[in-house]
Amino acid sequence: MKVYAMYFSPTGGTKKVMDILTESLDVSGEIDLSLPEVDYSAYSFEDGDVCLVGVPSFGGRVPETALVHIRAMHVGRAAAIPVIVYGNRAYDDTMLELKNELVSCGFKVPAAVAAVAEHSIMHQFGAGRPDYEDQQELRAYSIKIKALITRIQAGDPEAFNTIDVPGNEPYREYNGVPFKPKAGKDCTHCGLCAAKCPVQAIPAQQPESVDEKLCISCMRCVAICPAHARSLNKLVLTAASAKMKKACSTRKANELFI
Ligand SMILES: Cc1cc2nc3c(=O)[nH]c(=O)nc-3n(C[C@H](O)[C@H](O)[C@H](O)COP(=O)(O)O)c2cc1C
């Protein structure tokens, strides 16, 4: 009976939340859901295993790339705890969608977490989060999750029940965002962005470009470029930020469902 930390974290905010939540847990393995070369069907979970599954909210939904990899895995009588990380707007149907997908894979879902991290496109929203206050709160959640895991692993059937989580069906429609990062003159053709793109949207031979049909606007290439050469169209970004300001400005709370 093992505990796993599974995450899709293009720019590291989801991973930060996962690291705090798993600090007090005895994690046997981490599964990065952003690696296109990995055969995720090789992963299987056994009775009593518990997986914390961290994803960012993209447009109030679960990034499809993460779902494709999770669906490939093999699940016994294992439990999963969705961890939804969002950029201080809203997570809409992300938690319900992930819960439903995990249940379809065979997991029981006895708890879930929503947490705020800095917005990976509009960094002024949720700036610096998870901050000190968030960290304290997430640590308190971690202790409660640890107690739940102890009960699951002791065979307590009540601890293994799937809970209700917020969200609506049909899920919020999401067709991507109009932000496709491109490289400017500072691009050194090092190829790091092409190697690390979760959906292989950047051609290795021409890393200053991007296949807009494949790109999911996850912002990893912008975050990792050592020359800071990749960016978004500033006019589009400024206009979108102004539109989002009202919805994103008041501090949103973290939540634990257990
Ligand atoms: C394409 C895209 C869509 C997003 N949509 C939302 C959203 O609907 N609501 C929200 O609060 N944050 C949204 N965000 C912000 C991310 O959920 C947030 O920054 C998250 O921490 C990113 O995770 P990561 O740092 O692990 O990549 C979006 C970010 C991206 C890149």
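The numbers here are math on the coordinates, done by the rules we state, and not lab data. Everything quoted here is computed from the prediction, not taken from an experiment. Note that we place each Cβ from the backbone using ideal geometry, even for glycine, and neighbour counts take in every protein chain shown.
Select from the range 226-244 the residues that are surrounded by 12 or more Cβ atoms within 10 Å (Cβ to Cβ) and within 15 Å of the ligand (Cβ to nearest atom) and list them in ascending order. Residues satisfying the conditions are ARG230, SER231, LEU232, ASN233, VAL236, LEU237, ALA240, SER241, MET244. On the stretch given as the range 230-258, residues that are outside any helix (DSSP H, G or I) and within 19 Å of PRO178 (Cα to Cα) total 4. Taken as a whole, the range 125-143 holds at least one residue that is part of a helix (DSSP H, G or I), more than 20 Å from THR65 (Cα to Cα), within 12 Å of the ligand (Cβ to nearest atom) and within 18 Å of the chain's Cα centre (by Cα). Among the residues of the range 98-124, those that are within 14 Å of the chain's Cα centre (by Cα), closer than 16 Å to GLU255 by Cβ and in contact (Cβ under 8 Å) with a residue 60 or more places away in the chain comprise LYS99, ALA112, VAL113, ALA114, ALA115, VAL116, ALA117. Selection of the range 165-185 for residues being out of contact with any Lys or Arg (no Cβ under 9 Å at 6 or more places or on another chain) and either of a type in the set (Val, Ile, Thr) or more than 16 Å from the ligand (Cβ to nearest atom) (or both) yields GLU169, PRO170, VAL177, LYS185.
When residues in the range 27-67 are screened for being within 16 Å of the ligand (Cβ to nearest atom), part of a loop (DSSP other than H, G, I, E, B) and among the hydrophobic types (A, V, I, L, M, F, W, C), 3 of them pass. Selection of first residues in the range 125-141 that are over 25 Å from ALA240 (Cα atoms) and of second residues that are β-branched (Val, Ile, Thr) and not in a helix (DSSP H, G or I), restricted to Cβ pairs under 8 Å at least 6 apart or on distinct chains, gives the following pairs, ordered by first then second residue: ASP134/VAL116; LEU138/VAL113; TYR141/VAL113.
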